[in-house]
Amino acid sequence: MYVAVKGGEAAIDNAHHLLADRRRGDRSLPAITEAQITEQLSLAVDRVMAEASLYDPSLAALAIRQARGDMIEAIFILRAYRTTLPRFGVGLPLDSRTMRIERRISATYKDLPGGQLLGPTFDYTHRLLDPTLSGDPEVPEPSCRDGGVGDLARVSDILDGESLIETEVDDDAEPGDITRTPQEFPLSRAERLQSLARGDEGFLLALAYSTQRGYGRSHPFVGEIRIGIATVEIDIPELGFAVAIGEVRVTECQMVNQFKGSAARPPQFTRGYGLVFGQSERKAMAMSLCDRALRAAEYGEEITAPAQDEEFVISHCDNVEATGFVEHLKLPHYVDFQAELGLVRRLRTAWQERGDVAGGEEGDEPIGEAAQ
Amino acid sequence: MNAVTYNFAYLDEQTKRMIRRAILKAIAIPGYQVPFAAREMPMPYGWGTGGVQVTAAVIGPRDVLKVIDQGADDTTNAVSIRAFFRKVAGVATTTHTAEATVIQTRHRIPEHPLKEGQILVYQVPIPEPLRFLEPRETETRVMHGLEDYGLMHVKLYEDIAHHGRIATAYAYPVKIAGRYVMDPSPIPKFDNPKMTMSPALQLFGAGREKRIYAVPPHTEVKSLDFEDHPFEVQTFTEPCALCGARNVYLDEVVLDDRGGRMFVCSDTDNCESRRAETGVQS
C-alpha cells in the first residue's frame, strides 16, 4: 500500500549536515580563514561586495567560504544580511577626482596630466600557468610612487573644458533608492545606475559585448579607468559639517561615445558611466557600455537592440533574482503538472476522435504555459 | 565583525510598516497589484519570498501558522518556511486548516472551507496575468488602468478555436469585484471557485516582482469565461485511494514502471483528518 512521503524535516537536516561536511572537505588539510580569502582572493571578495551592495571585506569573505566559493550564493547571503541593517545616514557623493589612485589609464590620450598608471593589473601578463606559485614562494616588495597619487583631473573634465563632451548637470534631485522603493519604469538614470552597479557581471559583460558587435552600437572609447581609494563622508547635523567615516576601493570607468548630433543637440561626445565597489574593470567597463546603450532614448536614437531596452536589461540583470526564479523550477510543481496532465489527456482524446472522424492528420498544437 | 541579530518575524518594524501599508492599499483596491519595496529574504527569490514577507508583516505572537506547498504540509519548502517562522517569530504552527489563523500556501487552497478571521497568504511567481501576452510592465499597467482586457479574452477565444476548450489548467485568470483581472497564483483552476465570497482574507505576495494584491473577505472572484463556454473545473473519475474523498484535488502517484498509478488527496491534512474520523488505515 502506498504511504505518503513524510520526514521532510529530517531529510533537510541531513542534507545540511552533508553540505557542511563537503564545505569543510578533507579534515587533514587546514581550514582556510576569512583573512586568507580577503588577502589572497581579493577580487572574489570585491565582486561579492559589489553585487551584494555591501562594502565589508570580512563579511564578504565569510560569505564566500560559507558558499563554498559559489559567487552568486555568496552574493545572495551577503545581500540577505545587508537588507536587515538599519540606515543611520546618507553619505555625500564620492569624489573620484580626489581619490588615492592605484591605477589610471586612458585610451583616448597618449599622455595626460598625472600620466598613465598601470597599477596591479593582469593586462600584459602572459596567461601561462605558473607552477612556481605552488607552495609559498617569496614575493618581493613592489615599487610604487612615493606618497601615492591623488587629485588627478579626469579625462572627462579635460574634454568638458572644450564643450566637446556633454556636461553632466547636477539637478539637485534626491537620487532614488532601488532597495527602498519599488522600481517603476522608466527609471531615472540614478536608479538605473544603481541597478547596473549591483547587476550580474556576466550578464552585463555579454550585453556590453553585444553592443560592440552591432546590437545597439555606441562607438565607445575608454576615456578613463581609475581604481583607487575614495573617502566616504557623511554630514553630521549636530556638527554642521561632514566627517570622514571610512574608505572604499572603487573602480570608475568613463566611456566616451560618439554622437553625431540632432536638431536639438550639437555634435558632441556623450558619456557612459560605470562605478563598482572594489577592483573590477571588466564590470565597470561593461556597466558604462550598458549605461550609454540605455540612454538611447535620451538622444533620440532608434531602440533596436536588447542592450538599449531598459525594461529588458534592468528586469533581468540581478543575479540573486534570476538564480532564485530559475532554480525554483526544482521545487515541487506536481499540482500544476497534474492539471496539465489532465488537460493534455483530454486534448489528445479530442484530437484522436477528430482524426477518427476525418481520417486526416493535424499538427501538434502547443498548449499551456511554462511552469511558474 | 558585527553581531548578527534579527527582529521578531525577521523583518524590521519599518519594513513591516511599509508592507502593511501596501496590504491595506491592496485590500482597498481588490485585485490591484500594489508595488512594494520587497526586501531580500534569507531564502531565494521564487521560493516564496513574497508570501514570507506578507506573513511576516501580518503575523503576531499569538497566531497559529500553517504552511503548505502543493497542498501538503510536509513538502520540503513548506517545512523550511514553517521552520523559519518557528525560529524567527516563535509562533505556534499546525497542520490543521481549521486551527490556523494564518495559512501560507503555494499552488493550492485547502479543501476545508476557510472561515472569518483566517488569512490565506499566497506565494506568487508572476503577479501579472497579462505578462505572457504582453511582457512589458509599462504596457500592462496601462491596460489595467484602462480596464483593457481584450487581449486576454482573445487568448481564451483562440484556445477554444484551436483546442475546443480553454487550455489553461492552472493560474486561470479571474476578475475581482467586477474590475481588475488578477492572477490567482498557479493554483489549479479546480481551486478557483473557493476564492469567491470567501469569509477569509486572501493576500498575495510576489517578492521578486515586488507586488502585493488582495481579495478582501466576501468579494466576488469570477473566473473568466464565455457564455457558450462557461468556466469548468477539473474532475477526477476516481476517489482518493486513501480516504475515499470525492470532489477534492488529487495527485497522481506513479507506483511502478509498468503504468501503475493511484490517485491520492493533494491536501494531506484533509486526507489525514478524514482517515482519522473514519478509522481507515493507510
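The values are calculated or read from the model by the stated rules, or taken from the named source; none is laboratory data. All values reported here derive from a predicted model rather than from experimental measurement. Positions of Cβ are backbone-derived with ideal geometry, glycine not excepted, and every protein chain shown enters the neighbour counts.
Laid out as a table, the results:
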quantity	calculated
Criterion violated by A:ILE245 - all others in (1) closer than 19 Å to A:ALA286 by Cα; (2) not in a helix (DSSP H, G or I) satisfied	(1)
Pair list, Cβ under 6 Å, 6 or more apart: the range A:313-331 residue within 9 Å of chain B (Cβ to nearest Cβ), other residue assigned to a helix (DSSP H, G or I)	A:VAL320/A:PHE76; A:VAL320/A:ARG79; A:THR323/A:ILE72; A:LEU331/B:ASN77
Test: residue in the range B:85-92 that is modelled with pLDDT under 95 and among the basic types (Lys, Arg)	yes
Selection within the range A:202-229 - crowded, with 20+ Cβ neighbours inside 10 Å and within 30 Å of A:ARG87 (Cα to Cα)	A:LEU204, A:ARG226, A:ILE227, A:GLY228
Number of positions in the range B:202-239 that are more than 30 Å from A:ALA80 (Cβ to Cβ), within 11 Å of another protein chain (Cβ to nearest Cβ) and in contact with a helix residue (DSSP H, G or I) (Cβ under 6 Å, 6 or more places away or on another chain)	2
Some residue of the range A:242-251 being among the aliphatic types (A, V, I, L, M) and under 21 Å from the mean Cα position of the chain (by Cα)	yes
A:ILE234 vs. criteria surrounded by fewer than 17 Cβ atoms within 10 Å (Cβ to Cβ), touching a Lys or Arg at 6+ places or on another chain (Cβ under 6 Å) and not in a loop (DSSP other than H, G, I, E, B)	no
A:ASP160, sole failed condition from (1) buried (at least 18 other Cβ atoms within 10 Å of the Cβ); (2) farther than 27 Å from B:THR140 by Cβ	(1)
Tabulated pairs, the range B:173-195, first in contact (Cβ under 8 Å) with a residue 40 or more places away in the chain and closer than 19 Å to B:HIS107 by Cα, second of a type in the set (Lys, Arg) and outside any loop (DSSP other than H, G, I, E, B), C-beta under 6 angstrom, 6+ apart or interchain	B:LYS175/B:LYS222; B:VAL181/B:LYS175
Qualifying residue in the range A:301-309 (condition: more than 13 Å from A:LEU196 (Cβ to Cβ), assigned to a helix (DSSP H, G or I) and modelled with pLDDT under 95)	no
Where B:PRO113 falls short, out of the listed (1) more than 9 Å from every other protein chain (Cβ to nearest Cβ); (2) more than 20 Å from B:GLU232 (Cα to Cα); (3) part of a loop (DSSP other than H, G, I, E, B)	(2)
Test result for A:CYS253, outside any strand (DSSP E or B) and buried (at least 23 other Cβ atoms within 10 Å of the Cβ)	no
Filter pass, B:ARG211 being crowded, with 19+ Cβ neighbours inside 10 Å, under 23 Å from the mean Cα position of the chain (by Cα) and basic (Lys, Arg)	yes
Cβ-Cβ under 6 Å pairs, at least 6 apart or on other chains, the range B:33-49 side more than 7 Å from chain A (Cβ to nearest Cβ), far side of a type in the set (Ser, Thr, Tyr)	B:GLN33/B:TYR213
In the range A:332-347, the residues that are under 19 Å from B:VAL79 (Cβ atoms) and either assigned to a helix (DSSP H, G or I) or at the interface with another protein chain (Cβ under 7 Å from one of its Cβ atoms) (or both)	A:PRO332, A:TYR334, A:VAL335
Residue that is farthest from the other protein chains (Cβ to nearest Cβ) [pool: residues in the range B:144-194 that are of a type in the set (Phe, Trp, Tyr) and part of a loop (DSSP other than H, G, I, E, B)]	B:TYR149
Residue in the range B:67-76 that is nearest to A:HIS333 (Cα to Cα), counting only those that are surrounded by 21 or more Cβ atoms within 10 Å (Cβ to Cβ) and facing chain A (nearest Cβ under 7 Å)	B:GLN70
Checklist (1) farther than 16 Å from B:LEU203 by Cα; (2) part of a strand (DSSP E or B) applied to B:GLN104, failing item	(1)
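Condition check ((1) of a type outside the set (Asp, Glu); (2) part of a helix (DSSP H, G or I); (3) out of contact with any helix residue (DSSP H, G or I) (no Cβ under 6 Å at 6 or more places or on another chain)) across all residues:
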| residue | (1), (2), (3) |
| --- | --- |
| A:ILE32 | yes, no, yes |
| A:ILE37 | yes, yes, no |
| A:ASP46 | no, yes, yes |
| A:ALA50 | yes, yes, yes |
| A:TYR55 | yes, no, no |
| A:GLU73 | no, yes, yes |
| A:PRO86 | yes, no, yes |
